[in-house]
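The values are calculated or read from the model by the stated rules, or taken from the named source; none is laboratory data. Note that this is a predicted model, so its numbers are computed, not measured. Cβ placement follows ideal geometry from the backbone for every residue including glycine, while neighbour counts extend to all protein chains displayed. Calculation scope for accessible area: heavy atoms of the full protein, side chains included, ligands and nucleic acids excluded. Shrake-Rupley method; radii C 1.70, N 1.55, O 1.52, S 1.80 Å.
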Amino acid sequence: MVMFVPSTVRDESLSLDQRDGLRRWVRKHHTHESFQPPLLFALVVAGDKPATHITPRSWAFPDSQFETDDRFLAFVDRLDLEAHALRGGHGWYVAPTHARFDLLPSSVRAPITAAWHRRLGTVFGYPPTAIEHFIETDSRVDPRARVEHDGFAPEEIAYTKLVFYRHDDSIAGYERAIENGKTMRDRFAELAEHWEIPTLDQLAEEYYQLAVAVYSGDRDAFPGELTDFRMIARG
């Protein structure tokens, strides 16, 4: 099963200056225990993922060098990426090429239709099967329920947090997501070594360990966990 539909115009090579900028940004997220934004961003930088959505809360930390839009956009440009503003000041789409934004829905507001989700999911590189599952499934089987009732170990099902989109939540779907999550975990370790940014590997590991703690009952929930999921939330 394809994890993401990757970019075809990007490779994972970075200059020393680009590595330094990305290293600083990842470290800032590590300091603030912010996991998903830098991990998703790293996948876009590497060309593994064609786009992501970054919110102001993901760069405007009180002590951050990226506390303004202009500085964040300069950082994106430094990495040879493109940014497209989301209406209402709710952040930016980031991609290797501006042409990716041509696939965006004509409106990010209601009515949110199946076609709207398909276009946005395509922008983010979600597998078509995952997009259709998201559209067609009204309810979701939570990982906690799979641990409690279906014999999944927390240490295994925690890998699904590294998939970053709503996958098929059948037992077989969770099994596939676990394998995909393991592949993603290895990928973050590989990128961290290649770019000489060990904090990226630390973030991935700490996020995984947080998921283990939540799914084993040692923690109640993830920070900022929402009960109402929207595809745009994860990018």
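Structure values in brief
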{"item": "Residue in the range 46-86 that is nearest to Leu22 (Cα to Cα), counting only those that are among the basic types (Lys, Arg) and in contact (Cβ under 8 Å) with a residue 60 or more places away in the chain", "result": "Arg78"}
{"item": "When residues of the range 17-60 are limited to those that are part of a loop (DSSP other than H, G, I, E, B) and acidic (Asp, Glu), the one farthest from Glu205 (Cα to Cα)", "result": "Asp48"}
{"item": "For Arg185: the one exception among (1) surrounded by 15 or more Cβ atoms within 10 Å (Cβ to Cβ); (2) assigned to a loop (DSSP other than H, G, I, E, B); (3) modelled with pLDDT of 90 or more", "result": "(2)"}
{"item": "Qualifying residue in the range 217-230 (condition: open to solvent by less than 50 Å² (accessible area, probe 1.4 Å), at pLDDT below 95 and out of contact with any strand residue (DSSP E or B) (no Cβ under 8 Å at 6 or more places or on another chain))", "result": "yes"}
{"item": "Failed item in (1) in contact with a strand residue (DSSP E or B) (Cβ under 6 Å, 6 or more places away or on another chain); (2) assigned to a helix (DSSP H, G or I), with His84 passing the rest", "result": "(2)"}
{"item": "Members of the range 29-45 that are open to solvent by less than 30 Å² (accessible area, probe 1.4 Å) and β-branched (Val, Ile, Thr)", "result": "Val44, Val45"}
{"item": "Selected residue (criterion: nearest to Val5 (Cα to Cα)) from residues of the range 112-130 that are part of a helix (DSSP H, G or I), open to solvent by 10 Å² or more (accessible area, probe 1.4 Å) and not hydroxyl-bearing (Ser, Thr, Tyr)", "result": "Pro128"}
{"item": "Qualifying residue in the range 58-74 (condition: over 22 Å from Leu120 (Cβ atoms), out of contact with any His (no Cβ under 9 Å at 6 or more places or on another chain) and among the β-branched types (Val, Ile, Thr))", "result": "yes"}
{"item": "Number of the exception - Val147 against (1) in contact with a Pro (Cβ under 7 Å, 6 or more places away or on another chain); (2) more than 30 Å from Trp59 (Cα to Cα); (3) without any contact (Cβ under 8 Å) to a residue 40 or more places away in the chain", "result": "(3)"}
{"item": "Condition met for Arg23 (modelled with pLDDT of 90 or more, open to solvent by 40 Å² or more (accessible area, probe 1.4 Å), of a type in the set (D, E, K, R) and under 18 Å from the mean Cα position of the chain (by Cα))", "result": "yes"}
{"item": "Residue identified as modelled with pLDDT of 95 or more, β-branched (Val, Ile, Thr) and either over 30 Å from Val212 (Cβ atoms) or surrounded by 15 or more Cβ atoms within 10 Å (Cβ to Cβ) (or both) among Val147, Val94, Val141, Val108", "result": "Val94"}
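Condition check ((1) outside any loop (DSSP other than H, G, I, E, B); (2) under 28 Å from Val214 (Cβ atoms); (3) of a type in the set (A, V, I, L, M, F, W, C)) across all residues:
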| position | (1), (2), (3) |
| --- | --- |
| Glu67 | no, no, no |
| Leu73 | yes, no, yes |
| Asp77 | yes, no, no |
| Glu132 | yes, yes, no |
| Ile135 | yes, yes, yes |
| Tyr159 | yes, yes, no |
